[in-house]
1. How many of the residues in the stretch 558-580 are touching a residue at least 12 places away in the same chain (Cβ under 8 Å) and either in contact with a Phe, Trp or Tyr (Cβ under 6 Å, 6 or more places away or on another chain) or not in a helix (DSSP H, G or I) (or both)?
2. Which residues, taken from the stretch 468-523, are in a strand (DSSP E or B) and either surrounded by 15 or more Cβ atoms within 10 Å (Cβ to Cβ) or not hydroxyl-bearing (Ser, Thr, Tyr) (or both)?
3. Looking at the stretch 3-52 only, could you name the residues that are of a type in the set (S, T, N, Q) and at pLDDT below 50?
4. Exactly one of (1) in contact (Cβ under 8 Å) with a residue 40 or more places away in the chain; (2) out of contact with any Ser or Thr (no Cβ under 9 Å at 6 or more places or on another chain); (3) farther than 21 Å from Tyr75 by Cα is unmet by Lys361. Its number?
5. Test each condition in (1) modelled with pLDDT under 85; (2) open to solvent by 60 Å² or more (accessible area, probe 1.4 Å); (3) at negative phi for Tyr326 and report the one that comes out false.
6. Checking Ser591 against (1) small (Gly, Ala, Ser); (2) out of contact with any His (no Cβ under 6 Å at 6 or more places or on another chain); (3) at pLDDT below 90; (4) surrounded by fewer than 20 Cβ atoms within 10 Å (Cβ to Cβ), which single condition isn't satisfied?
7. For Thr760, all conditions in the list (1) surrounded by 17 or more Cβ atoms within 10 Å (Cβ to Cβ); (2) of a type in the set (Ser, Thr, Tyr); (3) at pLDDT 85 or above hold save one; what is the number of the exception?
8. Restricting to the stretch 90-103, count the residues that are surrounded by fewer than 18 Cβ atoms within 10 Å (Cβ to Cβ) and either at pLDDT 95 or above or not aliphatic (A, V, I, L, M) (or both).
Amino acid sequence: MFSWIFIPLFLQIPNFFCVFISYNISKCYYIIAEDFHHKGDVVIGAFFPIHTYHTMNKVPHPYLPYYYMDNYLQYNFKSYQYILALLFAIEEINGNPNLLPNISLGFDFYNVRFTEKDTLMNVCMWLTAHREKFILPNYNCEKKYFTAALTGTSWTISAQIGTLFQLFKFPQLSFGPYDPILSDRNQYSFLYQIAPKSSSLSLGIVSLMVHFRWSWVGLILPDDHKGNKILSDFKNEMERKGICIAFVKMIPATWSSHLNQFWKNIDETNVIIIYGDIDSLEGLMRNIRQRLLTGKVWVMNIEPHFTDYADYFFLDSFHGSLIFTYHYSERFEFTNFIQTVNPYKYPEDIYLPKLWHLFFKCSFSDNGCQLLNNCQFNASLDALPRHIFDESMSDESTSIYNAVYAVAHSLHELTLQQVQMEPYENGEETLFFPWQLNSFLKDIEVGGQMRLDWRQEGQQLSLTEQIIQWPEEFSEIPRSVCSESCGHGFRKVILEGNAVCCYKCTPCAHNEISNKTDEDQCMKCPDSHYANTEKNYCLKKAVSFLAYEDLLGMILASIALCLSALTVFVIGIFVKNRHTPIVKANNQALSYILLITLTFCFLCSLTFIGQPNKNTCILQQTTFGVAFTAALATVLAKAITVVIAFKATFPGRIVRWLMISRAPNYIIPICTLIQVGFCGTWMATSPPFIDQDAHTEHGHIIIFCNKGSSVAFHCVLGYLCFLALCGYTVAFLSRTLPDTFNESKFLSFSLLVFFCVWVTFLPVYHSTKGKFMVATEIFSILASSTALLGFIFGPKCYIVLLRPDENTFNYIRNKIHSRKNKSQKT
């Protein structure tokens, strides 16, 4: 399980720290030994850095090797917790009667410098100081002997010391971060790593990026094999979670405050991950403070360690940082132990006097730099702010604690084995060598790391947003993205040559939506739905057809009914005036048939209005085709009748046969049967059916009657045009016959209009969609029918209703007589 902390801007420092600025630092503060020792029968060697020396010009000391005249001493008091964790574990074990009874543990601490010569020199000093026999003392002996070594925190320190210990098969426990190099058993056969072999911290950091939607982050890592390994882990996990790396900076071996190139593109992102161990990141932390880099969220796996006392009272650069650590069960005993620690209880400690002098105003004596008992009241380590000294066990301190217990249990098992194999009397000593512990330490090591039951924890990110204090530049949760999120109705378009997190937002295409942010693809609405204006939701399409409730449908239906009523009215006029010459002329029966068929032509347009169904789709085309065929065949018969009638004055054999047989009357059924055949074939092979169009009209599904067979529909229409053309030809050729009984001019003109209407209909019909396509066909039906009704019967109704004096046999006889007189005079 993970835990994390944040670093606040204004530290809750007790009032007595405020006087630090004017407080004089004693010269004793800068005098420090390189080692100290805690008594015990068996001692553990501890090698890690607490204080360091920095030098600018490396002026050599006249007689001290590896020392320089311009040394600058710096303390890392945060790492001082390592010594306390070591001391705490040893005192716990010494107070436990069931573990190493009557044998006390102690330790020898040696401060490790960062040069290999200094490190190996300290190890050699320790080894030569304990060059006696390795013997387990009896209960009365006061001699001390060493048993194992603790090394850290960096892998380089453990590796340097391990090379020497390897020669003596000396057990070495490394408490720094796990490193695969140190697990090489060929090179480090007797080195045991306490830290967990896991990349869970990096996984936890990536989970944090996902939680806050930080998709554009920077990486700062050590320039070594561990940095390369963690870089690979970050890249793999970030790629899997859709997080992009803005830049990768590898920490150089040496730092300069003027290293401008390193920070060149630092402003590309608001969130920067710093991952490494304490030693590799110390120079980086110092450089960040020197540059006062603010306005960044630093996500780190260690807390900043400060070595300059001025930094303890100002922490602006790391305000709002998030620190990832492994979560361990809280040890309240350790916290209680911290409260009891003071330089008077442990006079051998070389660091406690420095802390008490620096933070609690204790004075040093003039002779020997002994700490005087004139400190502030209730001086205690737990009063120090967390960034100076943390009373909660760190990862490294927990590893030290576990390492000491691993050594103690191994030594306990060894003593039991020695007692069972070689019983001894009082006063006798049992021999043992440190390398004998290796067999016991290996028993609790699995896969290159220590198998310690008290270490086992789950791996889960624990986060409480409410207590986070972000850097003061951010008034809310910081954003760290290469491109702003694409909102609803947009999708991402990756820019060529850039990371996947760098993109532009483009609106979803027609009838596509996106209802999540940063969608890679928009989702197409089903045909039954359409995208709303914002393109974030699919709305159900409304069904659309030419209904009677629509204004257009209402107008067309009204026109059709009115024209049908008008036709019936004309029929009534003709029936009432059936004995008049104008009605009886040109075959009265054909006139009645034509008027009746025109009535059906007007009424058939109503089948095109309303919601289509299977029956209406079939009825539309059959009634249209048959009704118009009967009407045109009747017009053709009337035209032929006119020709026959005017040829009767000079009857030939054929004309006489036509008049006797009434042949024109057969034109209507013959022509109609032909059209019925066309329609029957059409209905049998590919009948019309209900279809829908979900794309033409936005937000609507148009329901219409699909013709089924376009060829059949055009054949029916072509046949009608053929009949109209035949009737027009016959009527046109008979236009010069006498006017009195000749309606050929009206027939020809009406058929011409009919022909023009349907020829114009075709391109208009195919260029419209939906209800307007249906309206176009209805309009053509009504227009062509009106042409036949108006131009054929309009003149006759005019004479019957308005000029009745011209509708008499005397008027017609006088008109014929006057025409003959004119022709004789000429």
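1. 6
2. Those that are in a strand (DSSP E or B) and either surrounded by 15 or more Cβ atoms within 10 Å (Cβ to Cβ) or not hydroxyl-bearing (Ser, Thr, Tyr) (or both): Phe490, Arg491, Lys492, Val493, Ile494, Tyr503, Lys504, Cys505, Pro507, Glu512, Ile513, Met523.
3. Gln12, Asn15, Ser22, listed by residue number.
4. With respect to (1) in contact (Cβ under 8 Å) with a residue 40 or more places away in the chain; (2) out of contact with any Ser or Thr (no Cβ under 9 Å at 6 or more places or on another chain); (3) farther than 21 Å from Tyr75 by Cα, Lys361 is out only on (3).
5. (2)
6. So Ser591 meets the others, but not (4).
7. (1)
8. 8
The values are calculated or read from the model by the stated rules, or taken from the named source; none is laboratory data. Owing to the predicted nature of the structure, the values given are computational and were not obtained by experimental measurement. Here Cβ is always computed from backbone atoms with ideal geometry, including for glycine, and neighbour counts include all displayed protein chains. For accessibility, only protein heavy atoms count, side chains too; no ligands or nucleic acids. Shrake-Rupley method; radii C 1.70, N 1.55, O 1.52, S 1.80 Å.
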